[in-house]
1. Can you list the trypsin sites (Lys or Arg not before Pro) in region B:144-239 that are in a DSSP coil and have 15 or fewer other beta carbons within 10 angstrom?
2. Let me know the Kirkwood hydrodynamic radius for region A:61-128, please, with Cα pairs as the basis and the value in Å to one decimal.
3. Looking at region B:125-261, what % of the alpha carbon pairs are farther apart than 22 Å?
4. Kindly point out which whole DSSP H helices in chain A project their C-alpha atoms 30 angstrom or further along the helix axis while averaging a Kyte-Doolittle hydropathy of 0.5 or above.
5. So which residue, out of A:Pro207, A:Pro62, A:Pro291, gets the largest mean-square fluctuation from a GNM of chain A using Cα contacts under 10 Å as springs?
Amino acid sequence: MKAITVICARLLQTAFVLLAVITILFFMFRLMPGSPLAAYIDPNFTPEQQATLMARFGLDQPLWKQYLIYLRNLLQGDLGESFFYRQSVAERVLALLPNTLILTFTSLIVAYIFGVLAGAYLAWKRGSVVEQICLPLVLTTRAMPEFWLGMLLLAVFSFSLGWFPAGGTREPGAEYGSIWALYASADFWRHMALPVLTLAIYSQGLPLLLMRSNMMDVMREDFVTMARIKGLSTFSVVIRHAARNALLPVMTSFAIAVGYQIQGNVVVETVFSWPGLGRELVRAVQTADYPLAQGAFLMIAVVVILMNLVADLLYAALDPRVTRD
Amino acid sequence: MFSRPKVSASSRLAKLRRALGAVRLPLHDPLAIIGLGIYAFFIVMAVFAPLIATHDPNEILFTSEFALAADLTPGTDGYILGTTTLGRDIFSQIVWGARSALLIGLTAAFMVALIGSIVGIVAGYFGGWVDMVLMRLADVAFGIPFLPFVIVLAAFLEPSIWNVVIAMALVLWRDTGRVIRSQTLTLRNRVYVEAARVSGSSDFKIILRHIAPNVLPLSFLYGSIAIGWAILTEASISFLGFGDPDSISWGYMLQDAFASQALSKGSYYWFVPPGFLIILIVSAGFFITRGYEQILFPKLDR
């Protein structure tokens, strides 16, 4: 019963945040300098197209009515027409979403595997020279501008050594039947290697530091002492007993990390010409393609909000104290 | 009658000492001392930029044969770090870049810490619907993707280095606000706060005298984290081309290098130094933060 109440409260809260962000987005694009029509109507559209869009988004109506129409269109999945592509924004944005998601998840999985192992190792080695050298290094990777790391890797591994392609998702001219065929190709993974490495180097710090401090907490708990007294080997104590219990909170942070990463992807996708939501947002803003910019922003915000929800629910599921509140 | 002002004067002194103690420099931690040293270095660089820089960072330079001094390698013709594709001195741009970095970093951090602390204290102290409204606002701020938000804002406002500061002030108070709120919640029920309330002190006075001095160290901690965030954000925004074209920043230099094919030309001397300095100043902030954490949460000191 209590668990259901918590879940319902979180869902309501998420719905509220989503509505608030959508509202902010609406007013941000309406109150920008220039004509309010500029958010939907490109001067290069034909008069008929302009009239259709005027009617579809109620641009001749008062602001509050426009807002209601905007909400109704949104519910129907209608985000307007891209000025540049002359294509539905919803279609365009949904087509780019998988590229961003696969990049984000692959890099985070790499980062978490490395971070968890290295964090456990550093907790085990606490107070040693290894720790004193590694910890500042990890803090330093958190201080890097992600795009600069990407530029460096690009200059070394692509332009100087020629090991990896410089950008995009496929060789020029390569055609694939579907995105699944593309994602299954070696060509795609070769293109994704450098962006994944960039994002993974940047993101490994969070799981590493979390794992390390959790491990140090767990290692002082009674059951670990008990395992030691029983005469189990250090390896067995660290891996079987301590690491297992330290791992759960780190896994919860994965959802939060997805949300943060997807905002940060904007710059890395730009460096590697990766056709994802982030680069599309930058290009749309640069070319004043406002419907597309709104659509890309909304999509990124939805991922962030959903991941916050997932993290909250996971946290509640793993920590019984939260549920009992 | 005479003893009253004396007591309050000495207690004011004690309070001042306590407030200063909260912001005391973490000199016990070697890493924090390194961080403070790096900051001192950048402050000197920013203040004396006109004296240290060898050229005007925006000036287009020419060689003695009156050709454009483009893409010169470090050391050529006395250009310490070489020149850009448009013939500008890289070393001088680096030096001037320290000014925008510090200016943006410090103002943004101040705004974030100030707004976050006020929201946190008000929400935690008054509770009820005030708390409810402010914390729902924080939820919404957590739902806004920060970098995309800065991009859109920067595109709509006039290009200026202050866009990053405005965006941070609008969104990033959320983390500080939540932490300060929970700290205030524990302070609110302390005996001395109860005593002050019973003896008729106004809410404003209680907040100023008893709550604020105790949350100050936390505000400071979150402020010092925000410095790094602001510098990284400014760099990203300038790199994407939404920065202030009239001010030289390290992010702007990286955008210039990227757009001028410095990567394929292998001009490492151009794009490595700005990134290296960003890492240096941001990690210096992290090192100092760690020192503060050890003052605030001694448990972590192991």
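1. Within region B:144-239, the qualifying trypsin sites (Lys or Arg not before Pro) (loop, at most 15 other Cβ atoms within 10 Å) are B:Arg190.
2. Evaluated over region A:61-128, this radius sits at 16.2 Å.
3. When all Cα pairs of region B:125-261 are counted, 52 percent exceed 22 Å.
4. Flagged H segments are A:2-30, A:89-124, A:244-271, A:290-318.
5. Evaluated over chain A, the most mobile residue of the options is A:Pro62.
Here, each number is a calculation from the coordinates, and none is a lab measurement. Keep in mind that what you see is a predicted model, and the values were worked out from it rather than measured. We place every Cβ from the backbone using ideal geometry, glycine too, and count neighbours over all the protein chains shown.
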